[in-house]
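Scroll down for the structure; my scribbles are underneath it.
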Amino acid sequence: MTATKVATAPDGSTIYEVVLDSPDLQARVLTFGATLRDLRLDGVTHPLVLGFEDPADYVTQPGCLGAIVGPVANRISGAAFSLAERRYVLDDNNDGTTLHGGRQGTAWLNWTLDQVTPQLVVMSLTLPDLHMGFPGPLHLQAEYRVEGAALTVILRARSPVAAVCTLAPHPYFNLDGRVTIEQHQLRILADHRLPLNKGLPVGVPISVAGSAFDLRHPSPVPKGLDDHYCLSEARRDLRPVAEVSAGGITMMLETSEPGLQVYDAGFLSAPGVGLGARDYGPRAGLALEPHAWVDAPNQPWRMQADLTPNVPSLAVSRFSFDRDGANSAGLEES
């Protein structure tokens, strides 16, 4: 299996694409942003994720379609945080906050290919000290592997100094190939969520019971959904946390991560030609982003994002697909 040159990054480096194949699933992965560009299930004619036909469009797109976002996924309040008695002022790229690591976060950098096999690709990226204001250096690794009808994403991080990191995959799913996700059913096994205001926490986790955010049973994707579900207080072993179904396809998400950001793409901005010549508009896909709870470096749950010097972190997420819905039997509340 080889990598194909498909575009040029802003720094002049070559962007490569790798195709991963199993008998049931095919994934196309770019080095730019360590991005999942396309995902196909055997016997299904449409892609399962949003992506661009031209890989060069990823260089300028603002929506992080399929990318690995970080070094801290989601928002950091005030575009700053303190660590080890030092104040770190970050890149303000989102109206007074730092979103997905700043303007040169991991989604907008070209990763290095380390290993390629027919079913696996490993890429790495080193962020120097104070890149976008973050402590470092940060040594990052993203691994994609296809096995049967499952795609597993393994994210590793390590630093010789005290640092923060919570990487996240950022795919947008559309399982039935329709213009929007209006026909999708969503289930999230979370009893609590973070109350948010303009995307930032305004308190501790609260119960979803009796609210429109209670998705513990399959429900249509609520309009305006852009919320953070609290799965656990710390990273755990891989376990089922969410299920999406549409068009006779079921996807189950398992993750090790303590939180899950869920976004209905209500304000998706994706200039460029989508896969199959699609024009992506609002609610064209559903983003599922497993990572630490929002704004961890500034919150009581900061340990979810803390990196101890020379102690590696490991985040694992698996997206499993089934054309008959049989996977849903494995999604049990815990």
Task: Selected residue [within 23 Å of residue 227 (Cβ to Cβ) and in contact (Cβ under 8 Å) with a residue 40 or more places away in the chain] from 67, 149, 142 - done: 67
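Tell me the residue from 280, 229 that is in a loop (DSSP other than H, G, I, E, B) and either touching a Gly at 6+ places or on another chain (Cβ under 7 Å) or within 18 Å of residue 47 (Cβ to Cβ) (or both), please.
280
Residue by residue, here is whether (1) crowded, with 21+ Cβ neighbours inside 10 Å; (2) under 16 Å from residue 155 (Cα atoms); (3) touching a residue at least 60 places away in the same chain (Cβ under 8 Å) holds:
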position	(1), (2), (3)
240	no, no, yes
245	yes, no, yes
270	yes, no, yes
276	no, no, yes
279	no, no, no
282	no, no, yes
292	yes, yes, yes
300	no, no, yes
309	no, no, yes
TODO: Give the residues of the stretch 255-268 that are open to solvent by 30 Å² or more (accessible area, probe 1.4 Å) and within 15 Å of the chain's Cα centre (by Cα), sorted by residue number.
DONE: 263
Task: Answer from 156, 87 - the residue that is open to solvent by 20 Å² or more (accessible area, probe 1.4 Å), farther than 18 Å from residue 32 by Cα and basic (Lys, Arg) - done: 87
Task: Selection from the stretch 42-56 of residues that are touching a Phe, Trp or Tyr at 6+ places or on another chain (Cβ under 8 Å) and open to solvent by 10 Å² or more (accessible area, probe 1.4 Å) - done: 55
Open item on the list: If I filter the stretch 192-215 down to residues being over 29 Å from residue 313 (Cα atoms) and surrounded by 14 or more Cβ atoms within 10 Å (Cβ to Cβ), which single residue comes out as modelled with the lowest pLDDT?
Closed with: 213
Open item on the list: Quick check on my filter: what residues within the stretch 216-237 are open to solvent by less than 60 Å² (accessible area, probe 1.4 Å) and within 22 Å of residue 313 (Cβ to Cβ)?
Closed with: 228, 229, 230, 231, 232, 234
Task: Pairs, first open to solvent by less than 90 Å² (accessible area, probe 1.4 Å) in the stretch 1-13, second of a type in the set (D, E, K, R), C-beta under 6 Å, six or more apart - done: 4/17; 6/17
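The values are calculated or read from the model by the stated rules, or taken from the named source; none is laboratory data. The structure displayed is predicted, hence computed values, not measured ones. All Cβ positions, even for glycine, are placed from backbone atoms using ideal geometry, and neighbour counts span all protein chains on display. Only protein heavy atoms, including side chains, enter the accessible area calculation; ligands, DNA and RNA are left aside. Shrake-Rupley method; radii C 1.70, N 1.55, O 1.52, S 1.80 Å.
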